[in-house]
Amino acid sequence: MVSEIDNVQTKMKDAEFEMQIKDKSAKDVIDAASYLVEFYIKKIYVSENHILMQNILLKCIEFWLSNNLPVPVLENILLKNMDKYFYPLSILLFCKNFGNTLDDEIFKDDCDSKPTSSGFLKEFSTKFCLQLCSMVLENVNKS
């Protein structure tokens, strides 16, 4: 029931945000990027591979942020079917040790540093992060 209400609110929020984008070329780029993100997430979800989904989500978020696309649109995309990939997304955003591998220490001096989970987390709204936490807690309580 709660997720149905959230879906309706997400659709309304998405429609409001789309109305704010007046530049047609910007809207076309955002629509194309949205389509690509949704396409890859749906294709990977079928495989039920959490590691692969986590990597795809990481690449999608990196792509979105590196191209300075509006984060509320990405949040809406991720909220649409969050029940399908909340676990890999929560690991990606909330895990302290994500990205702290030996590779990072070896290549510490490189200019192209890998984004960290804390860097992603600050880009998302508090409401989005709380909805993700809520989904995780809901499923922990079920098990």
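The values are calculated or read from the model by the stated rules, or taken from the named source; none is laboratory data. Remember, predicted model here, so these are calculated numbers, not experimental data. Neighbour counts run over all protein chains shown; Cβ positions are idealised from the backbone, glycine included.
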- [ ] Could you please find all residues in the range 63-103 being part of a loop (DSSP other than H, G, I, E, B) and either among the polar types (S, T, N, Q) or modelled with pLDDT of 85 or more (or both)?
- [x] Asn67, Asn68, Leu69, Pro70, Asn81, Asn97, Asn100, Thr101
- [ ] Go through (1) hydroxyl-bearing (Ser, Thr, Tyr); (2) surrounded by 15 or more Cβ atoms within 10 Å (Cβ to Cβ); (3) over 21 Å from Lys127 (Cβ atoms) and name the single condition Tyr85 misses.
- [x] (3)
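Could we say that Gly119 is in contact with a helix residue (DSSP H, G or I) (Cβ under 9 Å, 6 or more places away or on another chain), part of a loop (DSSP other than H, G, I, E, B) and at pLDDT below 90 here?
Answer is no for this residue.
Okay, residues lined up against (1) over 13 Å from Pro88 (Cα atoms); (2) of a type outside the set (Phe, Trp, Tyr):
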residue: Tyr35; (1), (2): yes, no
residue: Phe39; (1), (2): yes, no
residue: Lys42; (1), (2): yes, yes
residue: Glu48; (1), (2): no, yes
residue: Ile51; (1), (2): no, yes
residue: Ile56; (1), (2): no, yes
residue: Trp64; (1), (2): yes, no
Open item on the list: When you scan the range 31-46, do you find a residue that is modelled with pLDDT under 80 and either among the β-branched types (Val, Ile, Thr) or assigned to a helix (DSSP H, G or I) (or both), even just one?
Closed with: yes
Open item on the list: Looking at Ser125 and the list (1) exposed (fewer than 13 other Cβ atoms within 10 Å of the Cβ); (2) modelled with pLDDT of 90 or more; (3) over 27 Å from Ala26 (Cα atoms), which single condition is not satisfied?
Closed with: (3)
